[in-house]
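Since every read-out is calculated from the coordinates, none of them should be taken as a lab result. A quick note: this is a predicted structure, and the numbers were derived from the prediction, not measured. Here the Cβ is made from the backbone with ideal geometry for all residues, glycine too, and neighbour counts use every protein chain on show.
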Amino acid sequence: MTIIDARQFDQKRTVPGVTGDWEIIVGMEVHAQVLSRAKLFSGASTEFGKAPNANVALVDAAMPGMLPVINEECVRQAVRTGLGLRAKINNRSVFDRKNYFYPDLPQGYQISQFKDPIVGEGTVVISVGPDRKGEFEEIEIGIERLHLEQDAGKSIHDRHPSMSCVDLNRTGVALMEIVSKPDIRSADEAKAYLTKLRMILRYLGTCNGNMDEGSMRADVNVSVRRPGEGFGTRCEIKNVNSIRFVGQAIEHEARRQIAILEEGGTIDQETRLFDPGKGETRAMRSKEEAHDYRYFPDPDLLPLEFDDAFVEGLAAELTELPDTKRARFVTELGLSVYDASILVSEKAIADFFEQVAEGRDGKLAANWVINDLLGALNKDGRGIDETPVSARQLGTILDLIGKGTISGKIAKDLFAIVWEEGGDPAEIVESRGMKQVTDTGAIETAVDEVIAANPDKVEQAKAKPSLAGWFVGQVMKATGGKANPKAVNAIVKEKLGVE
Amino acid sequence: MAVDTETVKRVARLSRIAVTDEEAARMEGELNAILGFVAQLDEVDVEGVEPMTSAAPTTMKKRQDVVTEGDQAEAITANAPLSDDGFFLVPKVVE
């Protein structure tokens, strides 16, 4: 296979070495656990955290004579994911046996797809930045392929003094292996790619993306080269299980390779592990013949075939993807790209925002969701699914501002009350007397009182009209923020006789 | 296509099967006899012929996404030489 360099060289993406600049090349293989009730080829449950070997069908344990039968939902999930990656869907794909020996692989082989995967080339657009000018750069990362395969079981080594304990609950759960092209040029780009890929999978509902549960893990291929040279020898860092660690692993691995090359050495193509405690990669101890997988088509399974109508049906009911949603927020609701990006970062946030914005001012809704709601959630370390203020409640607060019932300032207080105590915002405003004072008589009285109490300031204001703002502030304070600021401003100016 | 003793040993190791030098030498002969027999198929011209995947013209059977089996750890581990608390026990394999 010829590997094509799809990226334009850019000096800003090089890293300095002792003897000159280097370019980092990264490609990733991401294993994403398919969201399904049952396993890829059996009727056993995929539920996490069950008793040992409770989720095992006879075929998962490789009992003689048992045959695999594919779960059609896993096929649909793979096709949906392919559509989300704007990739070519292959109407015919083939399952192969990938042979290797390990105690938690009872079959002695993993059923995977080698030559003919279910999904071919596609694209993920990542956004990297901001740079010094505060701008974000959009970069296309090519997808090489996506294929379906079985997960392996789990070996536990610390439960028994002299034996390893094998649990096959995960054996046979469907995985999608998503292989990128070597289009990534930095640790930041790699992190952005993984973040975006996870976002797409979560939008599609094809993988929950929970890296700490192992539902998504990455094998990271790293090499370095001098600008203008061909690809160097790569090392593969296996099973990195967080986005932050992917960044650290690439940084460390690139430095290690650069140091070796600058001292005149050569890179051995090898499999390495990332140690998060030390923040470094190390070679796996056994130089196992792991790469001799002796693939061949699985005689137990016919080729997987479907027609265009099957794909079109799934495409028709596909959820709106984050890029499309973001563009719509910008063009239809007039949001900035930055705000729109924040709102689409999680589907639940976007859904919440859309409920609030429905029939209201989009920009105002965006400000409240981003600054007030997400701000408060962040402070509490809570997710959008744990918000104490519902979209309906926030919508009511915005309506109260819109109708002039409360001022923007009081609205913040109201938000805090709803956050703490819950309840209907309109009723709270009514029962706690938070309504904005628009009665000019009352405002005039308040203005008169402030003026009478501060004759010196009145003199100063006549010479310096900008001091009128101080009077407005005093009146707002005196009325507990309930006076309509516009009305106060007009009356203060009129009474002081300034423009 | 023929195999040498080294290949026989490598394939055995990949499958975690212990073979002595004597056995490897014997298997080399046996495997080459089998491979030679199968190699007769090379005489057939299959240019442009799709590999056959099934003897009967049929499509792949699929199952619905329904949990139909499980909660049988005892049955699953019944034939294992050693098991404990639902786990299979195997010689320690930690790296």
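Distance from the alpha carbon centroid of segment A:413-460 to that of segment A:174-239 works out to 54 angstrom.
Label positions at residue B:26 and residue A:312, each projected 7 Å from the Cα along the C-beta direction, are separated by 6.3 nm. Counting only other chain Cβ atoms within 10 Å of each residue's Cβ, the peptide A:159-166 averages 6.
Classify the protein assembly as shown as rounded, prolate or oblate from the Cα gyration tensor: take a ≥ b ≥ c as the square roots of its eigenvalues, call it rounded if a/c is under 1.5, otherwise prolate when a/b beats b/c and oblate if not. Prolate shape, in that a/c is at least 1.5 and a/b is the bigger ratio. Each Lys and Arg Cβ is given +1 and each Asp and Glu Cβ -1; about its Cα centre, chain B then shows a dipole of about 260 debye. Counting only alpha carbon atoms, the long axis of helix A:322-333 and the longest principal axis of chain A meet at about 20°.
Peptide A:61-72 has a mean shielding of 3, counted as Cβ atoms of other protein chains within 10 Å of each residue's Cβ.
Normalised by the number of residues in chain B, the average gap of Cα pairs under 8 Å and 6 or more apart makes the relative contact order 19 percent. By the count of other C-beta atoms within 10 Å, a proxy for reagent exposure, A:9, B:88 are ordered fewest to most as A:9, B:88. Helical content alone sets the calculated 222 nm signal of chain B at -11000 deg cm²/dmol, taking -39,500 (n - 2.57) per DSSP H segment of four or more residues and averaging over every residue. Summed over qualifying helices (DSSP H, 4 residues or more, each -39500 (n - 2.57)) and divided by its residue number, chain A shows a 222 nm mean residue ellipticity of -11000 deg cm²/dmol.
Along the charge dipole of segment A:322-431, pointing to its positive end and built from +1/-1 on Cβ of Lys, Arg, Asp and Glu, which listed residue (A:426, A:362, A:324) has its Cα farthest out? Farthest towards the positive end: A:324. Counting only alpha carbon atoms, the long axis of helix A:440-453 and the longest principal axis of chain A meet at about 80°.
Working note: Karplus 6.51/-1.76/1.60 with θ = phi - 60° gives segment A:156-166 the couplings 10, 9, 10, 8, 9, x, 10, 10, 9, 9, 10 Hz, where Gly and Pro are set to x. Computed over segment A:3-312, the percent of Cα pairs more than 25 Å apart is 52. For a paramagnetic label modelled on residue A:341 (point 7 Å from Cα along Cα→Cβ), amide N atoms under 13 Å away belong, within segment A:135-175, to A:135-139. Under 13 Å from a point 7 Å along the Cα-to-Cβ line of residue A:12: which residues of segment A:100-132 have their amide N that close? Those under the cut-off are A:128-132. Residues of segment A:397-423 with an amide N closer than 13 Å to a point placed 7 Å from the Cα of residue A:431 along the Cα-to-Cβ direction: A:418, A:421-423. The lysines whose alpha-carbon is closer than 27 Å to the alpha-carbon of residue A:457, local same-chain residues fewer than 8 away aside, are A:409, A:477, A:482, A:486, A:493, A:495. Computed from Cα atoms, the angle from the helix A:243-262 axis to the main principal axis of chain A rounds to 60 degrees. Annotation note: trypsin sites (Lys or Arg not before Pro) in segment B:8-56 located in DSSP loop regions with a Cβ neighbour count of at most 13 within 10 Å are B:16.
Across peptide A:53-59, the mean count of Cβ atoms from other chains lying within 10 Å of each residue's own Cβ comes to 6. Can you tell me how chain B classifies by the Cα gyration tensor, rounded, prolate or oblate, using a/c under 1.5 as the rounded cut? Oblate shape, in that a/c is at least 1.5 and b/c is the bigger or equal ratio. Peptide packing: for A:345-353, A:397-405, the average count of neighbouring Cβ atoms within 10 Å per residue gives the ranking A:345-353, A:397-405, highest mean first. This model, with +1 at the C-beta of Lys and Arg and -1 at the C-beta of Asp and Glu, gives segment A:230-359 a dipole about its Cα centre of some 880 debye. Residue order for A:458, A:389, fewest other beta carbons within 10 angstrom first, comes to A:458, A:389.
Which of rounded, prolate, oblate describes segment A:322-431, given a ≥ b ≥ c as roots of the alpha-carbon gyration tensor eigenvalues and a/c under 1.5 marking rounded, otherwise prolate only if a/b is larger than b/c? Verdict is oblate for segment A:322-431. Projected onto the charge dipole of chain B (+1 at Lys/Arg Cβ, -1 at Asp/Glu Cβ, origin at the Cα centre), which of B:51, B:66, B:2 gives the Cα projection farthest towards the positive end? Going by the Cα projections, it comes out as B:66. Could you let me know the centre-to-centre spacing of segment A:367-390 and segment A:21-53, using Cα atoms, in angstrom? After rounding, the separation between the Cα centres reads 30 Å. For the protein assembly as shown, the Cβ-based charge dipole about the Cα centre amounts to some 1980 debye (Lys, Arg positive; Asp, Glu negative; other atoms uncharged).
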